[in-house]
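Here is the structure we will look at.
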Amino acid sequence: MPDNVDLLLLNGPNLGALGTRKPEVYGRTTLAEITATVRETVAEAGYGLRCVQSDTEGELVRAVHENADCFGAIVNPGALMMAGWSLRDALECFPAPWIEVHISNLWAREPFRHNSILSALSSGVISGLGADGYRIAAIALLHRISLPAGVS
């Protein structure tokens with residue numbers, strides 16, 4: 001078990017409106033419901049969850065630095081995936097594995113959404129699996145910390 005028993009769940013701009021914002025693209029599941037599912041998933045393994053959602057990049061940067069002791073992170077940067085250079089710099093310093101999650105399939109949408117400035121820094125990317133992508137990311141991070149040192 002890692003020294004810290006918390007996972008960071010970081011959600012960027014507009015994700016507080018999940019459930020009502022473009023349900024044909026993002027579904028009807030709210031951020032509160034997603035958070036509850038992730039919390040339950042990590043709690044079953046004996047871990048806790050720290051959650052931050054902000055529409056402001058600076059607040060997300062601060063959250064990354066303040067939660068650097070977490071064993072991992074799930075990050076949905078929203079549109080900051082395309083222009084969040086300060087967030088990118090913060091995540092580059094995050095010492096634990098983190099997974100970038102997007103509810104919609106970015107490659108099935110407009111071409112400007114096809115490139116993330118964050119993905120190359122992440123341990124993995126989940127895109128297009130809906131709200132369930134968050135739970136899958138949590139399971140992947142829990143699995144990763146259960147592996148012996150040096151195995152990924």
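The values are calculated or read from the model by the stated rules, or taken from the named source; none is laboratory data. Quantities reported herein were computed from a predicted structural model and do not represent experimental measurements. Please note: Cβ atoms are built from the backbone with ideal geometry, for glycine as well, and neighbour counts cover all protein chains shown.
Being surrounded by 18 or more Cβ atoms within 10 Å (Cβ to Cβ) and either in a helix (DSSP H, G or I) or among the polar types (S, T, N, Q) (or both) is not true of Leu49.
The single condition among (1) assigned to a strand (DSSP E or B); (2) farther than 24 Å from Pro95 by Cα that Ala32 does not meet is (1). For the stretch 68-124, filtered to residues that are among the acidic types (Asp, Glu) and either within 19 Å of Leu9 (Cβ to Cβ) or at pLDDT 95 or above (or both), the residue that is surrounded by the most Cβ atoms within 10 Å (Cβ to Cβ) is Glu100. Any chance the stretch 93-100 includes a residue that's under 27 Å from Val5 (Cβ atoms), in a loop (DSSP other than H, G, I, E, B) and among the aliphatic types (A, V, I, L, M)? Yes, because at least one residue in the stretch 93-100 is under 27 Å from Val5 (Cβ atoms), in a loop (DSSP other than H, G, I, E, B) and among the aliphatic types (A, V, I, L, M).
Kindly establish whether Leu60 is at pLDDT 95 or above and outside any helix (DSSP H, G or I). No; evaluated as a whole, the condition is false for this residue.
For the stretch 30-50, the criterion of being touching a helix residue (DSSP H, G or I) at 6+ places or on another chain (Cβ under 7 Å) and more than 22 Å from Ile136 (Cβ to Cβ) is satisfied by no residue at all. Figure legend. Inter-residue proximity from the stretch 9-21: first residues assigned to a helix (DSSP H, G or I), second residues modelled with pLDDT under 90 and not aliphatic (A, V, I, L, M), beta-carbon distance below 9 Å, spacing 6+ or different chains. Indicated pairs: Leu15/Arg21; Leu15/Tyr26; Ala17/Tyr26. Scanning the stretch 1-34 for residues that are buried (at least 17 other Cβ atoms within 10 Å of the Cβ), under 17 Å from Ala131 (Cα atoms) and modelled with pLDDT of 90 or more gives Leu8, Leu9, Leu10, Asn11, Gly12, Pro13, Leu15, Thr29, Leu31, Ile34.
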